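J.: This is the structure I have questions about; it appears just below.
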Amino acid sequence: MSIFSLFRKQKSAPLARERLQVLLAHERNGVGNELVAVLREEILAVIAKHVQIDRDKVHVTMDSDEHVSLLEIDVEIPLSASLRAA
Amino acid sequence: MGKVVVVTSGKGGVGKTTSTAALGAALAQKKEKVVVVDFDVGLRNLDLVMGAERRVVYDLVNVIQGDAKLPQALIRDKRLDTLFLLPASQTRDKDNLTPEGVEWVIGELKKHFDWVICDSPAGIERGATLAMRHADVAVVVTNPEVSSVRDSDRIIGLLDSKTLKAERGERMEKHLLLTRYDAARAERGDMLKVEDVLEILSIPLIGIIPESMDVLRASNVGAPVTLADAKSAPAMAYFEAARRLCGEDLPVVVPGEKRGIFSKIFGRAA
């Protein structure tokens, strides 16, 4: 442990906030979970046909309020794979 | 007809009973007629926090099962004559609470009191769902800490689906009561800030109760904190929350946001 780490102690609240936001977005849609899981697998399969991706870097979420449901798909493609695809 | 308030949280130990006693007393100190009802059958504690543990003769289960009349079970507070307690049973279990019995008791209390404040047990089972069932207003007690916020989110979901109001298609009025808030820790970035919790749970804020020794001291002597030490920081926060519950439009001041440079420098050591 260096003397500088005393001054660089990470703040923990931002991490708590981020973890909660991710978790609750997932838990609030208990009903839609099954659909989201199926979609995630199929989307993964389609993308994997063309580019090599990390399974953990694919986020599929469903957000809904009284008026509208929003399906969000977030796929992180590694730099090497996107160069190959180009 | 009185208003039915449920004080709930999902997680245990966040301050439901303390808050029920403090809000009930604060309303009674404004001359409102208040009854606080303990729904934690088997693990009652509201009697102890209110200092009425030696005066319990009959309880909620006795009334539901017809062993006692409702007025026999009500305990009048020794300090405030408009404050009453309906204790929970300590010996029976929660299965003795029937939906019909609870409905009847709440209906009767509403006729005679301005406020019926239901102290929910922790968890999401029978006791908790029955405590919230007939509520007009919910006070969701939350600590600025991940597990409490998660459980509050779950409870908000139940309030919007399992209550009579929700089933009738009406909107349940929900308020967030943030308890055990430590402004210094939040400022250092080691505790969720008020705005973080508000953004995540997205229900309006009714008050912020600072972490304080006064709360423990009040429960030690068996008095709601608003009675034990009306000038203390948590008592003032509960008084303000009670005024907001009555519909007053009172801005919530976040503790620590008004700190000057002096206390910022010297407050860190504390």
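J.: Tally up the carbon and sulfur contribution to the accessible surface of the protein assembly as shown as a whole percent, 1.4 Å probe, everything protein left in place.
T.: Ligands and nucleic acids excluded, carbon and sulfur give 53 percent.
J.: Quick one: dipole size for segment B:53-209, taken about the Cα centre, charges +1 on Lys/Arg Cβ and -1 on Asp/Glu Cβ, in debye to the nearest 20.
T.: With only Lys, Arg, Asp and Glu charged at Cβ, the dipole is about 380 debye.
J.: For chain B, set up a Gaussian network in which alpha carbons nearer than 10 Å are linked by springs, and say which option among B:Ala138, B:Ala68, B:Ala218 fluctuates the most.
T.: Maximum among the listed residues: B:Ala68.
J.: Work from the charge dipole of chain B (Cβ charges, +1 for Lys and Arg, -1 for Asp and Glu, about the Cα centre) and give the residue of B:Ala88, B:Leu250, B:Val5 farthest towards its positive end.
T.: Farthest towards the positive end: B:Leu250.
J.: Could you check how many percent of all C-alpha pairs in segment B:22-106 are farther apart than 15 Å?
T.: When every Cα pair of segment B:22-106 is considered, 54 percent fall beyond 15 Å.
J.: Here's another thing I want to ask about it. Taking a probe of 1.4 Å and counting only protein heavy atoms, give the total accessible area buried between chains B and A in Å², rounded to the nearest 100.
T.: Roughly 1200 Å².
J.: How much length, in nm to one decimal, is gained on full extension between A:His26 and A:Ile53, taken as 0.36 nm per residue of separation minus their Cα-Cα distance?
T.: Additional length available on full extension: 7.5 nm.
J.: Right, next: Report for the protein assembly as shown the percent antiparallel among DSSP-assigned beta bridges with both residues inside it, nearest 5.
T.: Roughly 25 percent of the beta bridges in the protein assembly as shown run antiparallel, per DSSP.
J.: Full extension from B:Lys33 to B:Glu125: what is 0.36 nm times the residue separation minus their Cα-Cα distance, to one decimal in nm?
T.: Contour length minus the Cα-Cα distance gives 30.2 nm.
J.: What Kirkwood Rh does chain B have if only Cα atoms enter the pairwise 1/r average? Answer in Å.
T.: Value: 18.7 Å, from the Cα pair sum.
J.: In addition: At 222 nm, what helix-only mean residue ellipticity would chain B give, in deg cm²/dmol to the nearest 500, using -39500 (n - 2.57) for each DSSP H run of four or more?
T.: -11500 deg cm²/dmol
J.: Also, I was wondering about something else. Quick check: with the 1.4 Å probe, what order do B:Val56, B:Val36 take by accessible area, largest first?
T.: B:Val56, B:Val36
J.: Report the accessible area of B:Thr98, computed with a 1.4 Å probe over the heavy atoms of all protein chains in place, in Å² rounded to the nearest 10.
T.: 50
J.: When only the heavy atoms of the protein chains count and the probe is 1.4 Å, how do B:Met191, B:Met172, B:Met1 rank by accessible area, highest first?
T.: Greatest to least solvent exposure: B:Met1, B:Met191, B:Met172.
J.: So, in nm, how far is label B:Glu195 from label B:Leu43 when the simple model puts each one 7 Å beyond its Cα toward the Cβ?
T.: My value for the distance between the label points is 3.6 nm.
J.: Quick one: go through segment B:22-47 and flag any residue whose amide nitrogen is under 20 Å from the point 7 Å out along the Cα-to-Cβ line of B:Lys231.
T.: Those under the cut-off are B:26, B:29-30.
J.: Continuing with this model, one more query. What's log10 of I(q)/I(0) for the protein assembly as shown at q = 0.07, 0.08, 0.13 Å⁻¹, Debye sum over Cα points only, no solvent?
T.: Here the Debye-derived log intensity ratios amount to -0.38, -0.48, -1.02.
J.: Which order do A:Ile43, B:Ile117 take by accessible area at a 1.4 Å probe, largest first?
T.: The ranking, largest first, comes out as A:Ile43, B:Ile117.
J.: Let me ask something additional. Starting from the exponent 0.38 and prefactor 2.2 Å, build the expected Rg for segment B:186-256 from its residue count and divide its actual Cα Rg by it.
T.: Normalised Cα radius of gyration, segment B:186-256: 1.21.
J.: Just to be sure I understand the interface: list residues from segment B:142-169 that lose 30 Å² or more of accessible area between the chain on its own and the complete protein assembly, 1.4 Å probe.
T.: Going by heavy-atom accessible area, the residues of segment B:142-169 that drop by at least 30 Å² are B:Val146, B:Arg150, B:Asp153.
J.: What does the accessible area of A:Met62 come to, in Å² to the nearest 10, when a probe of 1.4 Å is used?
T.: About 40 Å², ignoring ligands and nucleic acids.
J.: Could you give the C-alpha radius of gyration of segment B:1-71 expressed as a fraction of 2.2 N^0.38 Å, taking N as the number of residues it contains?
T.: Rounded to two decimals, the normalised Rg is 1.16.
J.: Report D for segment B:46-95 in µm² per second (integer): Stokes-Einstein, Kirkwood Rh on Cα pairs, 20 °C, 1.002 mPa s.
T.: 191
J.: With +1 on each Lys and Arg Cβ and -1 on each Asp and Glu Cβ, and nothing else charged, work out how big the dipole of the protein assembly as shown is about its Cα centre, in Debye to the nearest 20.
T.: Once rounded to the nearest 20, the dipole reads 1140 debye.
J.: Compute, for B:Leu216, the solvent-accessible surface of its heavy atoms (probe 1.4 Å) with the complete set of protein chains present, and express it in square angstrom to the nearest 10.
T.: Surface open to solvent at B:Leu216 totals about 90 Å².
The values are calculated or read from the model by the stated rules, or taken from the named source; none is laboratory data. Please read these numbers as outputs of a predicted model, since none were measured by experiment. Cβ coordinates were reconstructed from backbone atoms using ideal geometry, including for glycine residues, and neighbour counts include every protein chain displayed. Ligands, DNA and RNA are stripped out before the accessible areas are found, and what is left, the full protein with its side chains, is counted by its heavy atoms. Shrake-Rupley method; radii C 1.70, N 1.55, O 1.52, S 1.80 Å.
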